[in-house]
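Scroll down for the structure; my scribbles are underneath it.
The values are calculated or read from the model by the stated rules, or taken from the named source; none is laboratory data. Because the structure is a prediction, the values reported are computed rather than measured. Cβ atoms come from the backbone with ideal geometry, glycine included; neighbour counts cover every protein chain shown. In case anyone asks, the SASA skips ligands and DNA or RNA and just uses the protein heavy atoms, side chains included. Shrake-Rupley method; radii C 1.70, N 1.55, O 1.52, S 1.80 Å.
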Amino acid sequence: MPTSTNATSIHIALARKWRPKTFAEMVGQSHIVTALQNALNANRLHHAYLFSGTRGVGKTTLGRILAKCLNCESGITANPCGTCSACVEIDGGCFIDLFEIDAASRTKVEDTRELLENVKYAPTRGRFKIYLIDEVHMLSNHSFNALLKTLEEPPAHVKFILATTDPQKLPVTVLSRCLQFHLKYLLPETLKAHLIHISKTEKLSANDTALGLIAQAARGSVRDSLSLLDQAIALADTELNADLVHQMLGTTHEANLYPVLDALIANDAKQLLEQARNLLELGVDFTLTTDSILQLLHNIALAQALKENVKNLYSEKICHYATQISAELVQLYYQIALTSRNDLELAPNAQMGFEMMLLRMLHFQPLSPVTPESDSSNNRSNHAKQITTTVETNQELHLQPLSPATPESDSSNNRSNHAKQITTISPTTPTTTEVSQQNHQVVPTATVISTNTKPMVNAQAEPQTIPAKELQSSAQAQISAPSDEWETILAQLQLSPMTRALAQHCHLKSVQNQRLTLLVTAAQKPLLNANQINRLEVALAEYFNKPIKLNLEEVAEIATTPAKNQQMRADKAKKAAIDNLNSDPSLQNLIQSYNAKIDINSIELINDEDPNV
């Protein structure tokens, strides 16, 4: 039984239906539209145009609109009528003098030569014969060479319009013969506004949040955004909402990522992995979920940077995390996520790669991460301190090495309870133990040379422990600081590398009534700006368990600083190592037998934890 088909009921894809037919309908390319309109109005026409840009931003569309402007029966104009036979046929893709060529399927030089043979003939109906070559970068080198002469000096009735997504692949000889216009990547806000306009015109039931997700997923392409909107409409029964779009794209709602950040803040590995499995049950694409995490961290970082009026720009949850996570940790999480995103394809499966990314975020952070809230004096007083001192105040202070880290001591419950310990050494005790400012570990005076001989010194005194209150009370009175006490205190402070390096060039003069005085030189003082001083005051307040005010006193020269002490110990250790090598009988026999010599420059200090020692 024959059936009749109503042509008006045939659905046309939104990307085709909403393809611009005039310059006024173009989205987000005003810089190019203005230039073309001015050229058309002034009749200053070039013979070859090159439109470049990512997919779906309007390169071919601009070519067709320009073809209508040149061949409209009303004359050369920036506003073609759209109703004459030339405009209608160009819109329908059947204009006899518009040659749309797909360079990807016609790469051979024979195809180009065939095209050029027809260039010399006048147009059949239109004012100009127009060659619109799409993906022109796909032409072979021979095809480009065949095109060059005609492209530079075509007949007056011929216009070339080239389009490409990769202009770098075009020879410079082609680029120099064209007016090049680069179409911009469209921002999500621009695409969202365009989708809202289309939804209202098409009377589609879609909320703005869902359209914003589609605009984000389109990655700057108008065509991709309309194709995704078509797909989402087919999925939705009634209203198009954010949950349906997340389901379609394989992404996750931002709210589903909040428990992940909560687990990171709580340092809870079990909860973190449980949240990763919850995301798996939602059927998300872990690559896109990683993108969502990057977007979330980006918003948190911006909220921290802006500080003021962030509540008007970001959600309450974003503002909450901006105060809960330090800026340093946000940057660390972002960098880990960005690097891990590329590694997801290398993992045995995406879930495993995603879980490893979360574990890196958990374990690669500092032992005692500083958050905006933990900087307050109320929380600083809760940090555990176990401090030891001497019976007499003029004895020399040194650090006791921390015990080696074990899986148990590395847990989240134990990391925050590492005690600060200070050991005492009698004035008569040899002080060969040295302090590493970087990792709070005892570093012996040792050397590495070009042979296998590695002399070492590693002596350590027994600590004597007394309650912390005694040392805290002693800070109330003025302390005449030994030359290395500031070095000992610095080893206990949680400081950034820059702040620590600046503090190592200072000398501790006194501590009196919660006021700590440092001696600095004129060259050093400008570097200790308000930001660096604030960081030192926060760390010192945590160390002494009470507010500390830092005072800088400028002097012409400082005799002893931690930096100078460290350099003196290094020089002394190196000299001792050279003396040991020169007095080693076995080594001297080797030198005499093989006419060898010791490379002094190869001697270096090593850590006592070095497995090669």
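Observations on the model:
- Given charges at beta-carbon only (K, R positive; D, E negative), |dipole| of the range 1-96 in Debye: 280 debye
- Ala13-Met356 FRET efficiency (beta carbon distance; Förster radius 45 Å; 0.05 resolution): 0.65
- The length gained on full extension between Tyr594 and Tyr258, counted as 0.36 nm times the residue separation minus their Cα-Cα distance, comes to 114.2 nm.
- Cβ-derived FRET efficiency at R0 35 Å, Lys564 paired with Asn513, nearest 0.05: 0.75
- Simple label model, 7 Å out from Cα along Cβ direction - Val88 to Ser586, nm: 10.2 nm
- Protection-proxy order for peptides 562-569, 117-124, each taking the mean of Cβ atoms within 10 Å per residue, highest first: 562-569, 117-124
- Extension gain, Asp579 to Glu189: 0.36 nm times the residue separation minus the Cα-Cα distance gives 133.3 nm.
- Cβ charges +1 (Lys, Arg) and -1 (Asp, Glu), total dipole of the range 525-582, debye: 160 debye
- Extension gain from Lys307 to Asp243, taking 0.36 nm per residue of separation minus the Cα-Cα distance: 19.9 nm
- Exposure rank, largest accessible area first [Ile600, Ile558; 1.4 Å]: Ile600, Ile558
- Per residue, the accessible area of the range 54-163 comes to 44 Å² when a 1.4 Å probe rolls over the protein heavy atoms.
- Shape call, the range 90-146: gyration tensor on alpha carbons, a/c limit 1.5: oblate
- Positive dipole terminus of the range 101-217, leading residue within Asn141, Leu162, Val119 (C-beta point charges): Val119
- The Cα atoms of the range 483-545 give a gyration tensor whose axes a ≥ b ≥ c have a/c under 1.5, which makes the shape rounded.
- Taking label positions 7 Å along the Cα-Cβ direction at both Asn141 and Gln180, the computed distance is 2.0 nm, reported to one decimal.
- The solvent-accessible area of Glu189, taken with every protein chain present and a 1.4 Å probe, is close to 130 Å².
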